[in-house]
1. So how tilted is helix A:318-328 from the main axis of chain A? Cα-based, degrees 0 to 90, rounded to 10.
2. Determine the distance separating the Cα centre of the stretch A:355-419 from the Cα centre of the stretch A:277-296; give it in Å without decimals.
3. For chain A, find the longest principal axis of its Cα atoms and tell me its angle to the long axis of helix A:34-45, 0 to 90°, nearest 10.
4. Assuming R0 = 56 Å, can you tell me the calculated FRET efficiency for the pair A:Leu144 and A:Asn340, based on Cβ-Cβ distance, to the nearest 0.05?
5. Using modelled backbone amide H atoms (1.01 Å from N, in-plane), which distant-in-sequence or interchain residues come within less than 5 Å of A:Arg136's amide H?
6. Return A:Arg325, A:Arg16, A:Arg412 ranked ascending by Cβ neighbour count within 10 Å, so the fewest neighbours appear first.
7. Gaussian network model of chain A, Cα springs within a sub-10 Å range: biggest mean-square fluctuation belongs to which of A:Val272, A:Val389, A:Val94?
8. With the calculation restricted to Cα positions, what are the radius of gyration and Dmax of the stretch A:254-333 in angstrom?
Amino acid sequence: MSDEPLTLENLPADLREEYQNLITGTVDVLPAEDLLQRLLRARTEGRPLRAKLGVDPTAPDIHLGHTVVLRKLAQFQAYGHTAVLIIGDFTAKVGDPSGRSKLRPRLEEETIEKNAATYVEQAAKVLDMDRVELVRNSDWLSPLKMDDVLRLSAVVTVARMLERDDFAKRYAGNEPISMLEFMYPLLQGYDSVAVRADVELGGTDQKFNLLMGRNIMDAYGLEPQSVMTVPLLAGTDGTQKMSKTYGNYVGVNEAPEDMFGKIMSIPDRLMVTYWTLLTGAPYREIEDVQRRLDKGAYHPATAKRDLAERITSLYHGSAAATAAREHFDRVFRERELPENLAEAALPAEALKDGKVWLPRLLNLTGLAASNGEARRLLEQGAVRVNDRVITESEAELSPEEVRGAVIQVGKRRFLRISA
RNA sequence: GGGGGGAUGCCCGAGUGGCCAAAGGGAGCAGACUGUAAAUCUGCCGGCGAUGCCUACGGAGGUUCAAAUCCUCCUCCCCCCA
């Protein structure tokens, strides 16, 4: 390395562009100048960087929140670096305490295997899997002997562990912390040793673990990795992080119309964030969108529809994305019926004495979760039969009125009863 | 090993014998307004064709006409001392 101070200005233009794009949408790049140094060195030595991402297959499906870091990794790939994707089949059994306020239940191996398979399959929607170095951490973690584990545990002190936010909170709040959880950051750090990472990516909740990796690499005689964190993506509610448990997620396998619709429901203030984190767009484009929105030259509603179409097309192709946009405009802007109505037969159980008891029908067809909920929806004017609002909670209709009718509950639930 | 505190509905949290399907808040759902945005207002928010019945206050028993509330045992968590 030269002694010359390293600044953006004295970098070759294309390297500067690469760096700018890589750090776009990140929260931390630590230590500050480290990544820049490495990129420069990679260039001069003709050796691509090894960018590590470890994921624990703890969830059966992945959603847009998971793709943020995957896109970042894909960006490294696009610049010719090596994406090292570690399936944490071993660490999944330990359970990452990051951001947890509770003990995480340990997973069965069978579940882990299944999750791992779907994860890889879905990650392929973002990464170029042919060029990914795909490994499992059980390969090197399982064979460790007690001696090795002890050596590893000696690297860190308990006080250092308790500096961690989530541990500190739980400790202060009289919540349990198991020794097992203390092991987690050590194992993740050991992964970095095993794959000789140049840079490790992760969510901001991973910062402690990522930095721990540096300590551990150092203790094992390796140059500590750079650390890059990306924000946790806020869910469609705009407040909580995107997560299945909060029901504010957009799954990568969702139907184009649902994906489009869910993205439309995010608060405006999240638009640029989504644009940055979910589209893989270069930073210049992001800046441009931001500028036009600020000037009022880009109507928020249009921008959001463009965004939704853009993201949808990444997972379903542009034809399906365009169709999803048309569907959306039709149903929600023009307030017309969707073009492909779901259809269901009139269930026999809904009939009594030759009448159709509406609450029961709504329940049976899945438009309401129970008869009681159906009644409530009716009382609140949320139910339409052939565009006629029915507010009578015990409404009984004749079969003729119901057959072939379109039933709408709320703004988005539609069903046609077969004739 | 000893002593003390705690577990309530999706989440937080009140409730210490009947008035408790359980206050309040959050989340959620629905209506109005809109751009399925934000903000705001309003209503709902266990199940059952239902002036009643069933399920539910960590689990199992018990006391009582009556238990989320009292007793016994169990499970789990936390704190203090060692």
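Bear in mind these aren't lab numbers, they're just calculated from the coordinates by the rules spelled out. On a predicted model such as this, the values are computed, not experimentally measured, just so you know. Every residue, glycine among them, receives a Cβ derived from its backbone with ideal geometry; neighbour counts consider all protein chains shown.
1. Helix A:318-328 and the main axis of chain A meet at about 40 degrees.
2. What the calculation gives is 44 Å, centre to centre.
3. 70 degrees
4. 0.55
5. Here A:Ile87 satisfy the definition.
6. A:Arg412, A:Arg16, A:Arg325
7. Answer for the Gaussian network model of chain A: A:Val389.
8. So, for the stretch A:254-333, Rg and Dmax equal 12.1, 34 Å respectively.
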